[in-house]
1. So, of the residues in segment A:392-407 that are under 17 Å from A:Val346 (Cα atoms) and out of contact with any Leu (no Cβ under 9 Å at 6 or more places or on another chain), which turns out to be nearest to the other protein chains (Cβ to nearest Cβ)?
2. Only one residue in A:Val136, A:Val212, A:Val156 is in contact (Cβ under 8 Å) with a residue 60 or more places away in the chain, part of a helix (DSSP H, G or I) and away from chain B (no Cβ under 11 Å). Which one?
3. Given B:Gly111, B:Gly127, B:Gly133, which one is touching a Pro at 6+ places or on another chain (Cβ under 6 Å) and not assigned by TED's automatic domain parsing to the domain that holds B:Val245?
4. Which numbered condition in (1) crowded, with 20+ Cβ neighbours inside 10 Å; (2) more than 30 Å from A:Ala465 (Cβ to Cβ); (3) of a type in the set (A, V, I, L, M, F, W, C) is the only one that A:Ala290 fails?
5. Being away from chain A (no Cβ under 14 Å), part of a loop (DSSP other than H, G, I, E, B) and farther than 27 Å from B:Leu301 by Cβ is the filter here, so list the residues in segment B:226-243 that pass it.
6. Of everything in segment B:1-53, what is part of a loop (DSSP other than H, G, I, E, B), among the small types (Gly, Ala, Ser) and surrounded by fewer than 13 Cβ atoms within 10 Å (Cβ to Cβ)? Give them in sequence order.
7. Checking the structure you have, find out if any residue of segment A:258-269 is surrounded by fewer than 24 Cβ atoms within 10 Å (Cβ to Cβ) and part of a strand (DSSP E or B).
8. Return yes when B:Ala160 is of a type in the set (Gly, Ala, Ser), surrounded by 20 or more Cβ atoms within 10 Å (Cβ to Cβ), out of contact with any Pro (no Cβ under 6 Å at 6 or more places or on another chain) and assigned by TED's automatic domain parsing to the domain that holds B:Pro36 and no when it is not.
Amino acid sequence: MKQETPGATQAEHKQQAPPLPADLVRRFAAVVGEGYAICKPEQLHTYESDGLASFRVTPGIVVLPESTEEVVGCVKIAHEAGLPIVARGSGTGLSGGALPVPGCVLMGLSRMRKILEVDYDNAFMRVQPGVINLDVSRHIGPQGWYYAPDPSSQSVCSIGGNVAENSGGAHCLKYGFTVNHVLGLRMVLQDGSVVDLGGAVLDRPEYDLTGVVVGSEGLLGIVTEVVLRILRKPEATRTFFATFPSTTEAGNAVSAIIASGIVPAAIEMMDTLAIVAAKAATGVDWPEVAAALLMDVDGVADECEHTSANAIELARKAGALEIRVPKDTAERELMWKGRKSAFAAVGRIARNYLVQDGVIPRSEIAVVLQEIAALGQRYGLQVANVFHAGDGNLHPLVLFDGRDPEEERKAEEMSGEILRTCLRHGGSITGEHGVGADKAPYMAEMFTAQDLETMQLVRCAFDPAQRFNPGKMFPSPRLCGDRPGLYRPHPSELSGEAWRA
Amino acid sequence: MARVTPGSIDEVEALLAQGAGSVLFVGGGTAMPPGPPVETEISTARLDRVVEYTPADQVVTVECGVTLAHLQGELAKNGQRLALDPPQPEKATLGGIVAANSFGPLRTRYGSVRDLIIGVSVVRADGTRAKGGGKVVKTVAGFDLPKLMCGSYGTLAFIATATFRVHPVPESTVTLRARGGNPVEVVRRVRALQLEPTAMIALGEGTGWDVYLRFEGFAAGVRAQRGKLPELEEVDWPGTAEGTVRIRFGALPTHAAQVARALGPLRARIEWLPMAGLGFATCAAVDRGALEAARRELTALGGWLTVPGDWGPGPASIALQRSVKKQFDPRGVLAPGRFVV
């Protein structure tokens, strides 16, 4: 995914479709209210892209429903009119998951931000999808509870978006991802029917469709309510920051800590460029060393004291130059702010950059970082690394100058080579940002045609006309009922009900 | 009926591709629901290899016929374990554990098999081999086929291999018992004190409960937690219930008392996980009338109750569930009549 610093110019991949007929616009407006059915070209611009700003497509209409009933109303109109539907939360996604398709109904869910129920004794919460991730923890924090998944964008990203992308965050090493914290869902299917999956009572005798919908990137339906697992806050958290002469020693420290039986709450690595950027953005006084780790352990206080002392000792043995322990909560928060702002901070040291998201087995970190550095030398480009070391989720940022089309082309090529490096080491093309529009072509490198066809069965069960988010995730379009081989038009394609995006 | 014991996943693939008629995949038989006879039973007994184990990555891939006890033995050599403790580990296979979503008291801290599985390879009804997830602890590429397989009872595809995240074996363990404890109050106390038990179970026969808590981890943390519950006695962890019928049920954790009342007439030993709101009732024989009455009461509370093969009223999402089944098994040959759909 590509980030641009303000003022940068860049060729955009922008597509247009003819405007929606006025009678359809009126029907949508009748469901959501006049001000919440948006189709003026100047207003549609806002919705042309998500966090992956280099791809832009104008939607046919933007609707902003406020309730499950309004979502049903909109889905039914789209169903009858044969229009594709793309859901959008806060638009912070980094893979183009909420990128419109030409002429689509873009369904913005940011008005659905009610917290519907909180039950501490049964440790769950029921919320609408537009609720902001951090607001969940803020709501229950005073009672000593929190919601574990913490993507770096948590102050703006929505729970609905987290569900679509199965969002992670620094602390998912110990606590798991969104899917481990979603107990149930209410969703609107392609024909406008409403279905409840899972719920606060666990393990109902049914297929785990909740687990399938989480991370399905908006391809299966529109989620309108989410039942979240909430956790009692741990008694203590201990944080330390350690610097290393190179990423190799830092990687060895991570391996040694984990091999000792410690399950850190988070363990993050940054290299020199990322440290420089974080310093520029937040004022943390980190030394500009080759590598740094930021680590949290949490839990029962005595256990934390024990594990943090052990981890610090192991970091020293692995060759740490310096260990810093924050003296108070404010200093700890500043350290984490430095880490969480690192992506955006790179904009201070580079005109443009691509954010990559790949995963490798954590024992391969040192080797893969060397390979990425070698790629950088070969392409003549700088790479900043800031990532979740504990679970091997790399975020190499490839720096370039977008005014030079050749450099931009090289950056894109190199970013793809990084993904291939992850795959060669037995990893994945995405750990938390999703496939979306950006990485669909790479799915065929990670999965066989049979794997992808099997995943498509799930989609065909939910959305046979492929109305929801067409063109995302899968590398080559295939309609439900297609057999591999020669192309034949599908009946729904001939009738204009579906098309190959 | 033919019973075959393939020696490789390729053989399973060939069997299904050539059309084995209606089939049932058989592991250790510890959680197999009854159902109509099938044309071919495929035993996983010889698919018993640990395919890949990288201790440094805390990730292991096994063939479906590996028993839980065998896997735990292999992991223990490196001080690791799969944080799953369903009954009969000597017999229960990993394929069966995934298919039946089997679990034990460790669920309190580590969740169920869906929270530990990270990858799967399957053979579909027509012999198509496919995989989902991966062998890294974090991946969001594609639909989550591993989770779809959890609790699917072999009705969607043959689970050929599964990849799991594993955890370190704790350095120290202590079990405490609250006799005659109210599970809801014990959970409140645990949370108020910010304790983190890895396993918790309430045992009941009749109306009262004995609540067991297990603390695990580094000795310093275990000692500290034990010290905060000075009035509780240290005991051994209770054994798993013996019995021929194992009823499963679920309800909100705060409904513990209503659950005990509803299940009383079954005259079974009740195991209740007070933080998960899930339980088992084990007895020698089941009285149909008492079972139906208990199910009605639990259903009225928003809960559920099943015996293998008797799933109770279908879920609210039954049409969608059937649609998934139809896509994966259009001819309905996989484990017919063994699950809700």
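1. First, pick out the residues of segment A:392-407 that are under 17 Å from A:Val346 (Cα atoms): A:394-402.
Next cut, out of contact with any Leu (no Cβ under 9 Å at 6 or more places or on another chain) only: A:395, A:401-402.
Numbers: A:His395: 12, A:Asp401: 30, A:Gly402: 27 Å.
Within segment A:392-407, the match that is nearest to the other protein chains (Cβ to nearest Cβ) is A:His395.
2. Values: A:Val212 fails: away from chain B (no Cβ under 11 Å); A:Val156 fails: part of a helix (DSSP H, G or I).
A:Val136 is the lone residue from the list that is in contact (Cβ under 8 Å) with a residue 60 or more places away in the chain, part of a helix (DSSP H, G or I) and away from chain B (no Cβ under 11 Å).
3. On the way: B:Gly111 fails: touching a Pro at 6+ places or on another chain (Cβ under 6 Å); B:Gly127 fails: touching a Pro at 6+ places or on another chain (Cβ under 6 Å).
The match here is B:Gly133.
4. All conditions are met except number (1).
5. Correct list: B:Pro230, B:Glu231, B:Leu232, B:Val235, B:Asp236, B:Trp237, B:Gly239, B:Glu242.
6. Taking segment B:1-53 as the starting set, the residues that turn out to be part of a loop (DSSP other than H, G, I, E, B) are B:1, B:5-8, B:19-22, B:27-39, B:44-49.
Next cut, among the small types (Gly, Ala, Ser) only: B:7-8, B:19-22, B:27-29, B:31, B:35, B:45.
Listed by number, the residues that qualify are B:Gly7, B:Gly21, B:Gly29.
7. No - not one qualifying residue is present in segment A:258-269.
8. Numbers: of a type in the set (Gly, Ala, Ser): yes; surrounded by 20 or more Cβ atoms within 10 Å (Cβ to Cβ): yes; out of contact with any Pro (no Cβ under 6 Å at 6 or more places or on another chain): yes; assigned by TED's automatic domain parsing to the domain that holds B:Pro36: yes.
So B:Ala160 passes the test.
The values are calculated or read from the model by the stated rules, or taken from the named source; none is laboratory data. Quick caveat: nothing in here was measured; it's all calculated off a predicted structure. Every residue, glycine among them, receives a Cβ derived from its backbone with ideal geometry; neighbour counts consider all protein chains shown.
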